[in-house]
Number of protein chains: 2
Amino acid sequence: MKVAFQGEAGAYSEQALLGHFGGVETFPCESFEAVFEAVNSGVCQTAMIPIENSLAGSIHQNYDLLLRNDLKIVGEYFLRVRHCLIVAPGVDKRDLRKALSHPQALGQCASYLRSHGIQAEQGYDTAGSVKLLKESGARDTAAIASRRAAELYGMQVLEEGIEDDPENYTRFLAIQREPKPFLGEAKTSIVFTLKNVPGALFKAMSVFALRDLDLTKIESRPLQGSPWEYLFYIDFIGSIQEEPVRRALDHLGEYAVMLRVLGSYPRFKG
Amino acid sequence: MKVAFQGEAGAYSEQALLGHFGGVETFPCESFEAVFEAVNSGVCQTAMIPIENSLAGSIHQNYDLLLRNDLKIVGEYFLRVRHCLIVAPGVDKRDLRKALSHPQALGQCASYLRSHGIQAEQGYDTAGSVKLLKESGARDTAAIASRRAAELYGMQVLEEGIEDDPENYTRFLAIQREPKPFLGEAKTSIVFTLKNVPGALFKAMSVFALRDLDLTKIESRPLQGSPWEYLFYIDFIGSIQEEPVRRALDHLGEYAVMLRVLGSYPRFKG
């Protein structure tokens, strides 16, 4: 089995997919578009994409790609993000002037960098910054990335867990072309649009509330080409194999202009 | 009157504030934090911040700043974003190899750039890219920004309206320290959190639906420090001066853990 992810070897996405799938072959892609294409074309059976970070919020590009592609969500995974300060072997913390990483990782370590007088420098991605740092041979620069990235490129971790807020989790989704049967507690993800009339969202919420279905996430996104109309992405506990869920979605269909089930999949259990 | 905005002179935010306020003094700031600070400190009476783009979605950083600062929304403005291909005087389109702009503007002109064989190069902001281009003297590079930015820096507009999707609008909010009295149809913006129990959002929506109050926007944001709990930002038609709105907010207070009114302000009329 070969699983696609965005970034260089050692990226947090790769760490998440290894945590979820165990020992599989991993397939690095330059962009999220390329990740979806790898699954669409059959080069990979599955992909792992980040969808939401507890500090930074949703990764909207992947919501848009879920809508544009006809893939199914078959799993979720929560990764505790622990950023490491990574340097070439032998470099001392007092030598550091700059830290290179993805803008989001830099933002999550802003207080740490400030208090150590280290200047943030934006790079393409986290693991890619470690690779770049190694190639450059710089000894006044660190990269911020995962411990795995440091190990892969033979670099040294000076400090682990340098993120300002320890409640730093990223939720990932596993996606593939066909749904995958499973047992146990399920979560379902859907996307829909509503008529632009008063009370529309209230009616949409009612189909879940009236059946005691527990929403775990709601996200609104502007609908391209229709300014100020919204797409709603909702996650809730339950599977489309279950009668109340099927009835709720039937009921939602009465109000929705468009409704698509992105997948029912096993709920992540720490 | 002096109004703060983020970016260089000629930024879309400056265009929006001039459209909204007419001839006022404008105060450019490097970051959104600096914009809020300019109003908090009294350097400016008011600021104009972008909150949502019809293609790219919400500007989350400004939602977070609205929450962290105690300023009131006193107005809204919708700007039709028309990107221009801007060059040094005398440069021909056939000479162009690169186009410099803010990543979001580059993304909105991606098809145009591709079809003209022009490579995108990321810059700090739109108007700032025009300034940078002028300083560099480059003749194989264009900037993408507003017509106003081209005029301010004495540069030439080769083509106007190069965005891929013409439905490209940005909504701006005017913010200041004290609410401002007004007449006419109002919109109100609030932010709240809910207990993490089934049906909580349905109950929250009910307080508006039961009073026929029309929601124009809902946005959820993760609550920092409480992974997977959400802040909800809602806009609806009506003013806190009106009885049904006051009752709806009282009612919402029964379910909400935190509830704040960000402001009632005149609804934008094209």
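The values are calculated or read from the model by the stated rules, or taken from the named source; none is laboratory data. The structure displayed is predicted, hence computed values, not measured ones. Every residue, glycine as well, gets a Cβ built from its backbone with ideal geometry; the counts of neighbours run over all protein chains shown.
Checked against (1) of a type in the set (Val, Ile, Thr); (2) over 30 Å from residue B:231 (Cβ atoms); (3) without any contact (Cβ under 8 Å) to a residue 60 or more places away in the chain, residue A:59 passes all but a single condition, namely (2). If you go through region B:177-207 and pick out every residue that is under 21 Å from residue A:206 (Cβ atoms), more than 12 Å from chain A (Cβ to nearest Cβ) and either among the acidic types (Asp, Glu) or assigned to a loop (DSSP other than H, G, I, E, B) (or both), you end up with 1. Filter region B:246-270 down to the residues that are assigned to a helix (DSSP H, G or I), surrounded by fewer than 17 Cβ atoms within 10 Å (Cβ to Cβ) and in contact (Cβ under 8 Å) with a residue 24 or more places away in the chain and list them by number. If the condition is that a residue be assigned to a helix (DSSP H, G or I), surrounded by fewer than 17 Cβ atoms within 10 Å (Cβ to Cβ) and in contact (Cβ under 8 Å) with a residue 24 or more places away in the chain, then B:247 is the only one that fits.
For the residues A:149, A:105, the requirement of being buried (at least 19 other Cβ atoms within 10 Å of the Cβ), part of a helix (DSSP H, G or I), aliphatic (A, V, I, L, M) and touching a Gly at 6+ places or on another chain (Cβ under 6 Å) singles out A:149. So is residue A:58 of a type outside the set (A, V, I, L, M, F, W, C), at pLDDT below 90 and farther than 17 Å from residue A:126 by Cβ or not? In short, yes. Here the strands (runs of 3 or more DSSP E) wholly within region B:1-98 that include at least 1 residues being within 14 Å of another protein chain (Cβ to nearest Cβ) and of a type in the set (S, T, N, Q) are B:46-53. In region A:196-210, is there at least one residue being surrounded by fewer than 18 Cβ atoms within 10 Å (Cβ to Cβ) and of a type in the set (Phe, Trp, Tyr)? Within region A:196-210 (the criterion being surrounded by fewer than 18 Cβ atoms within 10 Å (Cβ to Cβ) and of a type in the set (Phe, Trp, Tyr)), the answer is no, since none of the residues qualifies.
Does residue A:77 satisfy the criteria of being closer than 22 Å to residue A:221 by Cα and of a type in the set (Phe, Trp, Tyr)? Considered against the rule, which asks whether it is closer than 22 Å to residue A:221 by Cα and of a type in the set (Phe, Trp, Tyr), residue A:77 comes out as no. Checked across region A:107-121, the condition of being touching an Asp or Glu at 6+ places or on another chain (Cβ under 7 Å), farther than 20 Å from residue A:49 by Cα and of a type in the set (Ser, Thr, Tyr) holds for at least one residue.
Within region A:115-146, the set of residues being of a type in the set (A, V, I, L, M), part of a helix (DSSP H, G or I) and more than 20 Å from the chain's Cα centre (by Cα) comprises A:130, A:132, A:133. When every residue of region A:222-230 is checked against the conditions, none turns out to be more than 10 Å from chain B (Cβ to nearest Cβ), assigned to a loop (DSSP other than H, G, I, E, B), within 29 Å of residue A:36 (Cβ to Cβ) and not charged (D, E, K, R). Of the candidates A:37, A:33, A:25, the single residue that is surrounded by fewer than 21 Cβ atoms within 10 Å (Cβ to Cβ), touching a helix residue (DSSP H, G or I) at 6+ places or on another chain (Cβ under 8 Å) and not assigned by TED's automatic domain parsing to the domain that holds residue A:240 is A:33.
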